[in-house]
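Trainee: Can you read through this structure? Questions will come right after.
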Amino acid sequence: MIGRNIDTEIISIFAENITEFLSILQIAKKLNKPYSYIHKKINEFLKLEILKKIVLGRAHLCTINLQSEDAVLLLSMYELEKKKSLLKKNNSLEKKNGITK
């Protein structure tokens, strides 16, 4: 399910602050994607219980569902990929600058 795509981008927003509540519009703006596309993806995450929502007026505020094993797994996978990417960048910089370990 998760790769370098919109699913990863949505998870990355919640990985930055796991207690944050965001509207679908806020998520769409952060990702610079059309509202309708993000709405569809958020609804998929809600059905899978990866995200949960509260209704506040006309807005649906979403947050990561830390009670969901799938959500915790996706957050973990995202963090591992981020770590791998940073290590790869670091190794590339060391090679470029002639630094050996």
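Trainee: Which whole-number percent gives the relative contact order of the chain, counting Cα pairs below 8 Å spaced six or more residues apart?
Mentor: On the way: 80 pairs, mean separation 25.1, N = 101.
Once divided by the residue count of the chain, the mean separation gives 25 percent.
Trainee: Now a separate question. Say each of Glu16 and Ala59 gets a label point 7 Å from the Cα, pointing the same way as Cα to Cβ; how far apart are those two points in nm?
Mentor: Each label point is offset 7 Å from its Cα along the Cβ direction, giving 1.6 nm.
Trainee: Can you give me the angle between helix 35-47 and the longest principal axis of the chain, using Cα atoms only, in degrees from 0 to 90, rounded to the nearest 10?
Mentor: The angle comes out at about 90 degrees.
Trainee: Tell me which label goes with the value of percent of Cα pairs over 16 Å apart computed from the coordinates here: (i) 76; (ii) 72; (iii) 60.
Mentor: Read-out taken from this structure: (iii).
Trainee: Short version: ³J(HN,Hα) in whole Hz for each residue of region 71-76, in order, from phi by Karplus 6.51 cos²θ - 1.76 cosθ + 1.60 (θ = phi - 60°), x for Gly and Pro, what are they?
Mentor: Karplus values, whole Hz, x for Gly and Pro: 5, 5, 5, 5, 4, 5.
Trainee: How much mean residue ellipticity at 222 nm does the chain get from its helices, if each DSSP H run of length 4 or more adds -39500 (n - 2.57) and you divide by all residues, to the nearest 500 deg cm²/dmol?
Mentor: Values: 4 runs with 60 residues, N = 101.
Value at 222 nm, helices only, nearest 500: -19500 deg cm²/dmol.
Trainee: Take peptides 63-72, 48-57 and line them up by average Cβ neighbours within 10 Å, highest first, as a rough protection proxy.
Mentor: Working: 63-72: 16.1, 48-57: 14.5.
Ranked by mean Cβ neighbours within 10 Å, highest first: 63-72, 48-57.
No value in this document is a laboratory result; all are computed from the given coordinates. Remember, it's a predicted structure, so these values are computed and weren't measured experimentally. Note that we place each Cβ from the backbone using ideal geometry, even for glycine, and neighbour counts take in every protein chain shown.
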